[in-house]
Every structure is written in C-alpha cells, then in structure tokens.
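First the structure, in the form of structure tokens, and then the observations on it.
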Amino acid sequence: MVGGVSLAHSRSGHAQIAPEDPQEAAEDTSLPSIAIHGFVSQGAFLSTDNDYLGHSERGSVEFLEAAVNVQTQLTDKLRVGAQLFTRDLGPIGNYAMVLDWAYLDYRWRDWLGLRAGRIKMPFGLYNEFADVDAARLPILLPQSVYSIVDRDFLLAQTGTAIYGSTPLTVAGGIDYQAFGGTVFVDANSSALVVNGPVELDSVDTKYAAGGQLFWRAPLPGLRLGGSYLRTNLDFHFSTDAATAAALVATGMVPPDFDGTFTYDYRNINLAVGSVELARGDWLLSAEYSRWMFDVVNSVPMLLPEIEVDSERFYGMLAYRLTDQLEAGTYYSVVFADAGDRDGKSDRFTESHRAYQKDLAVSTRFDVNDFWLWKLEAHYMDGTAEVLDPDPMDHDDLARHWGFFLVKTTVTF
C-alpha cells in the first residue's frame, strides 16, 4: 500500500489504484498492526537545447525522490497514515523533508467515507499517485496535466474530504470525492524559488476546494469523469536594498518602493475531463484540461498583470509485452493562451513561447517485484513550459529540441 492506496496489478501489469478495503484488513489477522513502506528513485536527464527541469543542456543527475510512509488499521472502519517525502529536481526541493500526506480515514459505508488531514488531491486520472513511480509506465506523466514542477500545490490539500462508491445496477457505478481546505507550499522548496537578488519569502493560500466524479461503465476497464479545483495563491517576494534602489532609478517602480512585492494568482480554476480504458495488456487514456486564473502584481510596472486561459490535453497508450517489459507513448500539448494558439499576440516574444507539443516514448523493465528501470525520450516543439533565462534575448530558446531521461526505483 502506497500513498493511502493499494497498488494491485492486473494481469497486464497496469497499476490499478483503489482504496484498501478496511473490512478485509480487519479480517486478515496475519497483517501487521503497522505497515511501513516507501521508495527511493534516482534519475538523470539531458536535453539537446533549453534547460528544462534544471540544467539539462549539460546533463543532470539532480533527480532524486524518496519517501517512507506508515499506516495502520485502528478499527474495521478507521485507518490512519502519514508519509515523509524528499526530492531534488534541479533547483526544486533540495532534499527538504516534507510531510507529504497524513490522514484519518473513516469509511462508514461503501457510498460514504470521510478523510481529514493532509489529503491527496483528486485531480484527473493519476494525480493521487503521481509521486509513486512504480504505479505507472512514464517517468514523466504528461506534463500538460501533471506538471512535475507544480507538484507542491497540486498533490495534496489540508482539510477534509468525503468520498464513496455506489453501483448503478446494469449501468456500472459511480465514484466521487469532494474536498475543502487549503494548500501548503514551502517557499524554500518551491519551483518558484528565484536565484539572485530576488527571494521568494512565503506563499499564502486562502482556500482550496473541488471534487471529482467518475462513472465506471458496464464495459470492463472503462471509466469516464471530471475533476475541478478552485484556489488562490499569493507569492511574497523581496529584494535587497541595492536592487530596490536600482529599480527606483530606472523608473520601473515608484519612489517609495521598499523592496517587497506580491505576485498573486487569483481565482484559479482548474478543470479536467478524463477517459481511461484498461483491457488485458493495453492501457489507453486521454484528458482535456483548462487552467484559468488572473495574475495580479502589487507593482504593475515591475511584472505584468494578465488573464490566463491555458488549454492542455494528451493521449496516452501503453502495452505490456511481457511480465517484465512494458512500452508506451503519449502526445501532450500545452497552449499558454487558448485564444492565441499560434503565439501571434504581443504577449509572446517568440511564437513558440505560446505552445509546447511533447511526443514521448517510454519503456519500463521490472527486474523483480521491488526494483525497476525506465528509459524515456521526448521530442519537443515549443517552449511554453520552459523558464526563459533571459527574456530580453529572443533567440535564447530553441523551438525544436529533445529531452531524454533514465530512472531506477526501489520500493519496499
């Protein structure tokens, strides 16, 4: 059991994620009273152009993830658990240990359960186990929907949730979740940590709320549904005195600028529609998502205020060739502005900054039940998700580029 869910593998080896049945756990007296599990992953990556997820142009091994979790069944209806997690991904994480999730889960009936604590966020097909490398084929899930740099505020929320499943006789069944609370983002390990004279001091989240509804169709292995998240994020930055004085001298900020400013993401609305078919050795899935929010800055002359309506989607196919070998591919697309897919507006310094199209091929080899290796190659067209090291240099990012990864994971 990993991340509050059980990893049960079908004959094809595709991970099927489902809550552990507390009644079965209670009746099986051979189970230990406390279960301890975890994983350690180490990877490396290289790009032909453009630094992506770190200093990838020169190659990087700053790609480590590790976690340990403990869980126990207190009664036939109540279980508790928690996980500590650390990672190093280029400039992100830097081995900071965080409480990944911690929960109380009371399952009163199949159709109604209650969770409280720091709870994994139900968003799309795979967000609840996006940190479990052993539960999927790709090293990187499609970044259009499951951005690895956004993991800090998309993985979990602190609050409460209700969930349940109910059959619909001959029409399959319904699975649902609804949640409300807040999101914690560690400024020291966030993807928005800024190097140099500007520092990210803190991140505030006023609330987070949303839900998910899936229909399990009568056709075995088919499920369709949607997810929704609404939240706000306020980023607080500061500069040193010399930088503040230089900005005042250039006229980019008012004369009373004290070196502090906020960059706020207001009215964040994330929605995704999902479909998945898992049959035998095949897995086929597709998702379409819109990310909409307003960006408000306390010093408008320093950073732009914009309205964002980002369009994101992918299609993925995987096939298990043998008990140990699996291969697959996906095509993932991000349009930074759904109304300007070609990047013709003045918002984009180069047209390829408006989109990122990612064709990925993945392979996975399971040495045994506890150790696996993965290889992955990406052909990229566009740079919408690449941080621009020098926005004043319009030629510093290549439109077409390759990205390659290798990763090994041990679970226990």
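The values are calculated or read from the model by the stated rules, or taken from the named source; none is laboratory data. All figures in this text were calculated on a predicted structure; none of them were measured in a lab. Reconstructed Cβ throughout: ideal geometry from the backbone, glycine too, with neighbour counts over all protein chains shown.
Would you confirm whether any residue within the stretch 392-404 is assigned to a strand (DSSP E or B) and not hydrophobic (A, V, I, L, M, F, W, C)? Scanning the stretch 392-404 turns up at least one residue that is assigned to a strand (DSSP E or B) and not hydrophobic (A, V, I, L, M, F, W, C).
I need the full set of residues from the stretch 144-154 which are outside any helix (DSSP H, G or I) and surrounded by fewer than 22 Cβ atoms within 10 Å (Cβ to Cβ), in order please. Result: S147, single match. Might you let me know whether the stretch 198-207 holds any residue that is within 18 Å of the chain's Cα centre (by Cα), modelled with pLDDT under 95, buried (at least 19 other Cβ atoms within 10 Å of the Cβ) and outside any strand (DSSP E or B)? Yes, there is a match, as at least one residue in the stretch 198-207 is within 18 Å of the chain's Cα centre (by Cα), modelled with pLDDT under 95, buried (at least 19 other Cβ atoms within 10 Å of the Cβ) and outside any strand (DSSP E or B). Residue pairs whose Cβ atoms lie under 9 Å apart, separated by 6 or more positions or on different chains, with the first residue in the stretch 354-379 and without any contact (Cβ under 8 Å) to a residue 12 or more places away in the chain and the second surrounded by fewer than 17 Cβ atoms within 10 Å (Cβ to Cβ) and basic (K, R), do not occur.
Taking every residue in the stretch 40-57 that is under 18 Å from H352 (Cβ atoms) and touching a residue at least 40 places away in the same chain (Cβ under 8 Å) and pairing it with any residue that is part of a loop (DSSP other than H, G, I, E, B) and of a type in the set (V, I, T), at least 6 positions away or on another chain, the pairs with Cβ-Cβ distances below 7 Å are N50/T383; N50/V386; Y52/V386.
Scanning the stretch 68-80 for residues that are buried (at least 22 other Cβ atoms within 10 Å of the Cβ) and at pLDDT 95 or above returns a single hit, R79.
Out of all the residues in the stretch 260-279, is one or more of a type outside the set (S, T, N, Q), buried (at least 16 other Cβ atoms within 10 Å of the Cβ), without any contact (Cβ under 8 Å) to a residue 60 or more places away in the chain and not in a strand (DSSP E or B)? Within the stretch 260-279, not a single residue is of a type outside the set (S, T, N, Q), buried (at least 16 other Cβ atoms within 10 Å of the Cβ), without any contact (Cβ under 8 Å) to a residue 60 or more places away in the chain and not in a strand (DSSP E or B). I'd like to check something: does the stretch 34-53 contain any residue that is in contact with a helix residue (DSSP H, G or I) (Cβ under 6 Å, 6 or more places away or on another chain), at pLDDT 90 or above and surrounded by 14 or more Cβ atoms within 10 Å (Cβ to Cβ)? Within the stretch 34-53, one or more residues are in contact with a helix residue (DSSP H, G or I) (Cβ under 6 Å, 6 or more places away or on another chain), at pLDDT 90 or above and surrounded by 14 or more Cβ atoms within 10 Å (Cβ to Cβ).
Within the group R399, R364, which residue is closer than 30 Å to H37 by Cβ and surrounded by 14 or more Cβ atoms within 10 Å (Cβ to Cβ)?
Going through R399, R364 in turn, the sole match is R364.
Does T169 meet the test of being more than 19 Å from the chain's Cα centre (by Cα) and without any contact (Cβ under 8 Å) to a residue 24 or more places away in the chain? Judged against the criteria, T169 is a match. Residues in the stretch 60-106 that are in contact with a strand residue (DSSP E or B) (Cβ under 7 Å, 6 or more places away or on another chain) and among the polar types (S, T, N, Q): S60, N69, Q71, T72, Q73, Q83, T86, N94. When D234, D281 are checked against the criterion of being closer than 28 Å to D150 by Cα and of a type outside the set (A, V, I, L, M, F, W, C), D234 stands alone in meeting it. Taking the options N94, N50, name whichever one is outside any strand (DSSP E or B) and more than 19 Å from the chain's Cα centre (by Cα). Going through N94, N50 in turn, just one is outside any strand (DSSP E or B) and more than 19 Å from the chain's Cα centre (by Cα): N50.
The number of residues in the stretch 95-129 that are hydrophobic (A, V, I, L, M, F, W, C), farther than 15 Å from L84 by Cα and surrounded by 21 or more Cβ atoms within 10 Å (Cβ to Cβ) comes to 3.
Residue check: V333 meets all listed conditions (1) in contact with a Leu (Cβ under 9 Å, 6 or more places away or on another chain); (2) in a strand (DSSP E or B) but one, namely (1). Of the candidates P254, P220, the single residue that is within 30 Å of G280 (Cβ to Cβ), surrounded by fewer than 18 Cβ atoms within 10 Å (Cβ to Cβ) and out of contact with any Leu (no Cβ under 6 Å at 6 or more places or on another chain) is P220.
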